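Student: Here it is: the structure, laid out below.
The values are calculated or read from the model by the stated rules, or taken from the named source; none is laboratory data. Predicted model, so just to flag it, every value in this text is computed and none were measured. Using ideal geometry, Cβ is built from the backbone for each residue, glycine included, and neighbour counts are taken over all protein chains shown.
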Amino acid sequence: MSIVVSSLTKIYGTQKAVDNISFELKKGEIVGFLGPNGAGKSTTMKMITGYLPPTSGNISVCGYDVLDKPMEVRKRVGYLPEANPLYFDMYVREYLELSAGIHKLDNVKNRIEEMITLTGLTKEAHKKIGMLSKGYKQRVGLAQAMLHNPDVLILDEPTSGLDPNQIVEIRDLILRIGKEKTVLLSTHIMQEVEAMCSRVIIIASGNVVADDSLGNLRKGNQSLEDVFRTLTTKS
């Protein structure tokens, strides 16, 4: 398994943000991770990447325990957080060179150009990041997340701020990537989940309320939006 989450809990003060959840993801899966605002999605993703420590429970990524082998996990995970942290005063290539240095990559120039082409940044690559539109800033975040060729991608709202054409392009990119990697994808856009994901995990109030194939969740010709509303309202 690429990701194994077991009895994972995160408590902030008196608030239980994530409540004893468990799930597994295999290589080649693109899994939609859905939930209302405040459900615990971003907190779970941050714990999988090692950005936040769990209060209790275990997480392994590609066989490495997140707490015991954090650097090995980070080598294998690409992470695009919801609030895409970028250095606005740096040029696109300069920023990617910085990221490549952190990961100690070989053939840096070739890899950067490959990511620029792959994410559709070619025409904007000569600019400072602060000059880019929100959609192109998001592409820079995606290029950074994929730069070190990770086995696992954690994408929190990856198409946020993109126009309809850009959404289709990034969606196609994620589908191509998902054939060789494991992708955990958080989004509020149900059409994206239906277009990209074969499996869906729904979380509400810190609990997993559904973990099944898209087809099973939509039995009876229900829309995914209706299923989501029913399950998250019950919780």
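Matching residues to (1) more than 22 Å from the chain's Cα centre (by Cα); (2) acidic (Asp, Glu); (3) assigned to a helix (DSSP H, G or I):
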| residue | (1), (2), (3) |
| --- | --- |
| Ala210 | no, no, no |
| Asn216 | yes, no, yes |
| Lys219 | yes, no, no |
| Arg229 | yes, no, yes |
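Student: On to the next question. What are the residues in the stretch 21-45 that are surrounded by fewer than 18 Cβ atoms within 10 Å (Cβ to Cβ) and free of Cβ contacts under 8 Å to residues at least 40 places away in the same chain, if any? Even if it seems obvious, please write down each step before you answer.
Tutor: Residues of the stretch 21-45 surrounded by fewer than 18 Cβ atoms within 10 Å (Cβ to Cβ): 22, 24, 26-28, 36-38.
Result: Glu24, Asn37, Gly38.
Student: I need every pair where a residue in the stretch 148-163 that is over 11 Å from Leu80 (Cα atoms) and part of a strand (DSSP E or B) has its Cβ under 8 Å from the Cβ of a residue that is of a type outside the set (Ser, Thr, Tyr) and modelled with pLDDT under 95, sequence separation at least 6 or different chains.
Tutor: Val152/Lys181
Student: Of the residues Leu121, Leu132, Leu142, which single one is touching a residue at least 60 places away in the same chain (Cβ under 8 Å) and not hydroxyl-bearing (Ser, Thr, Tyr)?
Tutor: Working: Leu121 fails: touching a residue at least 60 places away in the same chain (Cβ under 8 Å); Leu132 fails: touching a residue at least 60 places away in the same chain (Cβ under 8 Å).
Going through Leu121, Leu132, Leu142 in turn, just one is touching a residue at least 60 places away in the same chain (Cβ under 8 Å) and not hydroxyl-bearing (Ser, Thr, Tyr): Leu142.
Student: Right, next: Going by the structure shown, is Ile177 without any contact (Cβ under 8 Å) to a residue 60 or more places away in the chain, of a type in the set (A, V, I, L, M) and farther than 21 Å from Lys26 by Cβ?
Tutor: Values: without any contact (Cβ under 8 Å) to a residue 60 or more places away in the chain: yes; of a type in the set (A, V, I, L, M): yes; farther than 21 Å from Lys26 by Cβ: no.
No.
Student: If you take the residues in the stretch 63-73 that are out of contact with any Ser or Thr (no Cβ under 9 Å at 6 or more places or on another chain) and among the hydrophobic types (A, V, I, L, M, F, W, C), which one is surrounded by the fewest Cβ atoms within 10 Å (Cβ to Cβ)?
Tutor: Met71
Student: Those residues that are in contact with an Asp or Glu (Cβ under 7 Å, 6 or more places away or on another chain), more than 18 Å from Ile174 (Cα to Cα) and surrounded by 18 or more Cβ atoms within 10 Å (Cβ to Cβ), I need them from the stretch 74-111; list them, please. Walk me through it before giving the result.
Tutor: Restricting attention to the stretch 74-111, the residues satisfying the condition of being in contact with an Asp or Glu (Cβ under 7 Å, 6 or more places away or on another chain) are 76, 80-82, 92, 108.
Those still in the list that are more than 18 Å from Ile174 (Cα to Cα) too: 92, 108.
The one that is in contact with an Asp or Glu (Cβ under 7 Å, 6 or more places away or on another chain), more than 18 Å from Ile174 (Cα to Cα) and surrounded by 18 or more Cβ atoms within 10 Å (Cβ to Cβ): Val92.
Student: Would you pick out the residues in the stretch 103-123 that are in contact with a Lys or Arg (Cβ under 8 Å, 6 or more places away or on another chain) and part of a helix (DSSP H, G or I)?
Tutor: Answer for the stretch 103-123, where residues must be in contact with a Lys or Arg (Cβ under 8 Å, 6 or more places away or on another chain) and part of a helix (DSSP H, G or I): His103, Ile112, Ile116.
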